């Protein structure tokens, strides 16, 4: 793990980068990686005993250029890297078939994707320098992750992290990006987050009629 973190050019931690050394198979490491370094990363991890798994296209539909998650797993080391090639999130459209569900994935707006590669933050974790999204992009990503991917469910870490990022970010830039995802719902959404009213955000987003 330490070697990967030291040599993570082309890899950016999406979430919980500060806890990278506390990760496990169940509490995986979420990485945003450049497709150009994926082969190099896989060769490195394969040498370290990792196995590769790609999310099934039978249970997932990838729209508008979104791509499957790629998982690198090492049972002996109890490590799991969940890698994506862009900021892709679940669509509100869910296809239910007898016995299973099909998830539709969509990318965030191109302008947000471009921002995700700019001004990458670096900080020290246990003597290793790791790279993470800049604050504004991380905030937009986490809000979208909670509302779309987790259907509004939020734990204490995400609640605290979103609150912190809200206090530290350039809100004009955040609003610009959130408008590209949630449109007119953005102002109401930010107000709810400031008031820590997370519980019904997914349902309110689905039923919002202020467009």
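Structure notes:
- Ordered by the count of other Cβ atoms within 10 Å of each Cβ, fewest first, 40, 207 give 207, 40.
- At q = 0.12 Å⁻¹ the log10 of I(q)/I(0) for the stretch 1-137 amounts to -0.51, computed by Debye summation with a single uniform scatterer per C-alpha, solvent ignored.
- Ordered from longest to shortest, the equivalent ellipsoid semi-axes for the stretch 77-199 are 24, 21, 16 Å, each the square root of 5 times a Cα gyration tensor eigenvalue.
- Among beta bridges from DSSP that stay inside the chain, the antiparallel ones total about 75%.
- Computed over the stretch 134-211, the quotient of the alpha carbon radius of gyration and 2.2 N^0.38 Å is 0.98.
- Separation of alpha-carbon centers, the stretch 120-161 and the stretch 47-108, rounded to whole Å: 19 Å
- Degrees separating the helix 35-47 axis from the principal Cα axis of the chain, which is the longest one: 50 degrees
- For the chain, the longest principal axis of the alpha carbon atoms and the long axis of helix 171-182 meet at an angle near 80°.
- Degrees, to the nearest 10: 135-144 long Cα axis against longest axis of the chain: 70 degrees
- Relative contact order of the stretch 1-130, defined on C-alpha pairs under 8 angstrom at six or more residues apart (%): 26 percent
We did not get these values from a lab; they are worked out from the coordinates using the rules stated. Remember, predicted model here, so these are calculated numbers, not experimental data. So basically every Cβ, Gly included, is an ideal-geometry build from the backbone, and we count neighbours across all protein chains shown.
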